[in-house]
Amino acid sequence: MSNHPLDQLDANIPDEDSSNTIQPPLKKRDKIRKFFGISKSLDKVKAKSSTQSLTSQQSTLSSVSCQVDDHRNKTLPIAKTDDVSRSVIFPENVAKPSVKTALPGLHERIERTDQLLYCNMLLLQDSVVSSSFNTGEEEVTDDPANASQAPTLDKVEQKWLTKVKEDPVAQDRMQWLVTKMVEAFIANTTKDSSKVTEIIALGPVLQEEPYRKLLSSFIVDFDDSRILDVNLLQGLVQLVQSASPGFLVSGDLIKILSLLRTHLEGTHQHSSEHLCHLTLALSRILDVMADHKVQDLDRVMEHEPLSAVLSGLRGSSDPYLMYQACYAFQALQYVPDDETVLQAVLRHSTGVVDAFVKVSSVMKLDLGSVLEGLEKLQEVAISAFGIAGDVCEGVGSLMDSGRGVLESLKEGVGSGQKRPWYPAVRAAHAFVQAGRLKDLKQLIYEAPCRQDPLFQWGISQLLGEIAVDSVWTVATRQHAIDLIGLLYKEDQEWGRDESVKAWMVTILRMLGYSSGESINKRAHDLLQELGLDNTPRAQHPYPLRPLLPIPDSSSILAKVQGIPYMEYELYKLRLQRMEEEQQMVYIPPQAKPSFHATDDELFPLMEKVQEFLTSDRQVMLILGDSGAGKSTFNRHLERQLWIDYKRGGPIPVFINLATIDEPKYDMVSKQLRLHNFYDDQIQELKLHRQLVLICDGYDESQQLVNLHSTNFLNQLAQWNTKMVITCRTQYLGPSYHDHFKPQPLDRYNTKHQDLFQEAVIASFSNEQIKSYVDQFVQDSNARQLLGQATVWSSEEYMDKLTAIRNLLDLVRNPFLLTITLNVLPKLVATQQDLTYLRVTRVVLYDKFIEQWLETNKLRLQSNNLSNEERDVLEMLLDAGFVEHGIDFQKRLSDSIFKEQDGHPIVQYTHLHHRRTWKGEFFSPDPDIRLMRESCPLTRTGSHFQFIHSSVLEYFLSCVIYSPDCTKGEFNPQGSPDSTATSTLDTNGPLFTQNLLKEFSVIQFLSDRVKESAWFKQQLLSVVKLSKSDVLAATAAANAITILIRASVPFNGADLRGFRIPGADLTGRQFDSAQPRYRLDRW
């Protein structure tokens, strides 16, 4: 049998140069010394008394978890070796170490990546604790690194967490920064070492999606690299090790394992440094695979080739490389493959199964069970002659004589048998990762396999990694150095093999040149005691670095900080909109698919809209009569979408089209600027987010274009949107679909019809009216106009609505129902028999406006006003507050139609508009302000409008005719040739404006005709006047349309020669004997 270190990595590979591998013990020792750069004075050091000890320390660990900078930790005093004892080294278990930095204030800029990591670790830790508390269960994990002492937060951390938890946007921003850093790293084609170390540090706090993307990026980049990139390799391994439970899948690990094997096959003739990095990476990946119980590793494709590759390292004279190869091979034994040979070994002894389970109980930090399991593994390894007698013989010889690492590798690797030292070293690593340093010390001294040089090599390296890692406190790092010295000087079983002693000295030398003055001095003092302080430093290629350090610079974070963080702005917008749109009484509307659909085809409108939002369609048109509830539904939809909003999801944007200047161009950006978004933020949303545009009032904006097309929505490099747009039914012509249908990217695609759908809001049913009334009587805000009056019950309201003729049919319109419920108690107060009460739409508006003004008059009288305001109020009261208020609103509505062509939104800023017609209604003068604030007007910033467009139209109808006009103040607007020329106002809206498109104005005036014979007669006079006066044509067309809408018959009337251009004669009643004339001839 060959004595070369790696001859038996694979029993099937022949020994090509066994005759040249046997070396005398002295020459082997000299060879090891030469590799590590150690002089022969080491023999003198070994001859010193074993009772001589290292430097002492009396302090204990001073911190629950460590700080990043050494100056924040207290250094242990340096003492003579006589004072040291095992009890003062690692005296207690501590919390799992973590990076700590200064915590940022709420919404402060995070400048460094370690600060971002610290913040996210605290949030993650808090969420895990909260989840465990809520479920009453302890978190279960297969990853020993995730099993730790319960962390203790200091007061600063607790205070910071409390503040941040109260602000979900602050929490979201921290995770957003991490996600954006991942995206920036992936997009960067040059991934230097600083970028790799910066992004890898964030591995433990990544959410699953960005983690999976980052892992895929590393795998692809590593696969594509022609020359081994050590930084990329170390980053890949550390990313795998930091995976949260459930983030990794077997395919990831097998792919990485295959890449490592390929690189090993191609680099085994190259530098030892690359070989060591690859075998170290291989070991750590195999560790993770064992922890994750990977079951589908193919023996032919991966298992056996890996064994062969490791066997191919037999020619190396590097003990460090040989140890890593041995470790990797043992790790491979614990990764199940698709055959059951390894499982057969376990089935031959229940002791092995029980032992492995007990070793795995390190995850629960049960030291007793770990030691018991290792003892059974040791016994089974020695006694299982029936499976591999030669292996057990090799184990026995190691136990008895403590053979060197080189000989142990030869005898302990090639058989395929699991050795106890590997799970023992894995347990030691798990204790360190969990902060269980006291238990680590006990494991080192009590492990049954502690005489095995492989175990000793691994433990020495682990202690060196603790000492060099600045994440631990200085005291803890010094303890690790002291324990190396104690084992070296006093432990009779430790370091019988020359290479273990040499490795311990090499570790101390590396520590002597590590960062941190206190660590350097501790290592130098120990080397001085060993008489090795003057030995030249070896150029060892393998630094003691368990994890990649976080770089001082944070270049990726700095780049990401330049990206507008939208979630905070969206959060503010959400709060603002939720506060502005407080829903009072709301009944979900029903709708039908088209004008011609029957009531049997009704569906809940909200469900249909939600279905639209999840479909491929781009535009949904919602139609309805004035007051049908279109705007109310839009606000409710926006509110619901904000309630359901998730980070990164579709953003609801409510657009009152009438408030946007020229919405046919850049409509979305204009609306976002109204919400105080900057241009760079708007660009970020345009490029990366989807918006749900809720466009309200297409008719009120007086548009005749396709807003979807003119704004280039859903085109290349343009806004990604879903559009819900509403419009009055009467505003549209027969070809209205062309105003809303999206134009597809491919204009020759005949399937673009599928991008559009519509719905028509249906009138309230009796059940909906009853539900609305039930809510109304419970909502004090909805019935604010009732003042101190006694509130009716729901049953009383329904009785009155049913008793008054035609009223129930009238209030199937939601806005009209709201008005009716407010005015109905006063309207019927003096009526004994409700069957004779005739209520029309215009009567309800009359009472509503009168009651609104009366209520506000009382409000002003009870308010604390200034002396100037009190004088103004007295003046208004003397002039008749209600009458003056009606006149104020009539003049305002008349001006809106004259000056703005009926556009309902008035924008007023005092500096720009005080000398225009707007100043008469919106200036801050006390008399104007008090009256304006008493009217049914709303204000949003500098925009003013009536609470509903129908109120504006009502007041325009009052300019033409209102009940007080019968007192002699009103005369029909005839021609100058009329006998009433001295009283006619040819500048009034009946003469000057085409009212044929103002359907609500026509409806209000038709109601006036039904209640006033005088008004009807005046309108007939205007129609007749048009026959002789061309100037009366517009007034005549308006008049006859009003009369016909009021069902005034024209039987026997000869209308030839009358000028009524464009008049709406739909529903006219003419004598059948009369000829029908073309409208353009009348």
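The values are calculated or read from the model by the stated rules, or taken from the named source; none is laboratory data. Every value quoted in this text rests on a predicted model; they were computed, and no experiment measured them. Here Cβ is always computed from backbone atoms with ideal geometry, including for glycine, and neighbour counts include all displayed protein chains.
Below are the figures for this structure:
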quantity: Number of positions in the range 207-228 that are crowded, with 18+ Cβ neighbours inside 10 Å and without any contact (Cβ under 8 Å) to a residue 40 or more places away in the chain; calculated: 7
quantity: Scope the range 856-880; condition surrounded by 15 or more Cβ atoms within 10 Å (Cβ to Cβ), in contact (Cβ under 8 Å) with a residue 40 or more places away in the chain and not β-branched (Val, Ile, Thr); matching residues; calculated: 856, 857, 860, 869, 873, 876
quantity: Members of the range 1033-1050 found to be at pLDDT 90 or above and among the aliphatic types (A, V, I, L, M), listed by number; calculated: 1033, 1035, 1036, 1037, 1039, 1040, 1042, 1043, 1044, 1046
quantity: Residue check, residue 509 among the basic types (Lys, Arg), part of a helix (DSSP H, G or I) and buried (at least 24 other Cβ atoms within 10 Å of the Cβ); calculated: no
quantity: Selection count where residues are at pLDDT 90 or above and in a loop (DSSP other than H, G, I, E, B), scope the range 220-241; calculated: 0
quantity: Matching residues in the range 460-474 - criterion: being closer than 23 Å to residue 494 by Cβ and aliphatic (A, V, I, L, M); calculated: 462, 463, 466, 467, 468
quantity: The range 537-563 residues that are modelled with pLDDT of 80 or more, paired with ones that are outside any loop (DSSP other than H, G, I, E, B) and of a type in the set (Asp, Glu) (beta carbon under 6 Å, 6 or more apart); calculated: 556/198
quantity: Helices (runs of 4 or more DSSP H) completely within the range 595-701 that count 2 or more residues being modelled with pLDDT of 90 or more, among the polar types (S, T, N, Q) and closer than 23 Å to residue 570 by Cα; calculated: 630-643, 667-674, 679-688
quantity: The range 787-814 residues that are modelled with pLDDT of 90 or more, paired with ones that are surrounded by 17 or more Cβ atoms within 10 Å (Cβ to Cβ) and small (Gly, Ala, Ser) (beta carbon under 8 Å, 6 or more apart); calculated: 812/763; 813/626; 813/627; 813/628; 813/763; 814/627; 814/628; 814/629
quantity: Some residue of the range 967-975 being at pLDDT 80 or above, assigned to a loop (DSSP other than H, G, I, E, B) and either surrounded by fewer than 18 Cβ atoms within 10 Å (Cβ to Cβ) or not assigned by TED's automatic domain parsing to the domain that holds residue 1028 (or both); calculated: no
quantity: Meets criteria (closer than 13 Å to residue 548 by Cα, small (Gly, Ala, Ser), over 20 Å from the mean Cα position of the chain (by Cα) and surrounded by fewer than 17 Cβ atoms within 10 Å (Cβ to Cβ)) for residue 193; calculated: yes
quantity: Matching residues in the range 717-736 - criterion: being touching a residue at least 40 places away in the same chain (Cβ under 8 Å) and either assigned to a loop (DSSP other than H, G, I, E, B) or not hydroxyl-bearing (Ser, Thr, Tyr) (or both); calculated: 719, 722, 723, 724, 725, 727, 728, 730, 732
quantity: Residue count, the range 560-583 (criterion: in a helix (DSSP H, G or I) and under 17 Å from residue 174 (Cβ atoms)); calculated: 8
quantity: Which numbered condition residue 1053 fails, given (1) at pLDDT below 80; (2) under 22 Å from residue 846 (Cα atoms); calculated: (2)
quantity: Residue in the range 582-596 that is surrounded by 15 or more Cβ atoms within 10 Å (Cβ to Cβ) and of a type in the set (Ser, Thr, Tyr) present; calculated: yes
quantity: Count of the range 242-273 residues which are at pLDDT below 80 and part of a helix (DSSP H, G or I); calculated: 5
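Residues are listed down the side, and each one gets a yes or a no for (1) in a helix (DSSP H, G or I); (2) touching a residue at least 12 places away in the same chain (Cβ under 8 Å):
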residue	(1), (2)
818	yes, yes
821	yes, yes
826	yes, yes
830	no, no
835	yes, yes
839	no, yes
843	yes, yes
851	yes, yes
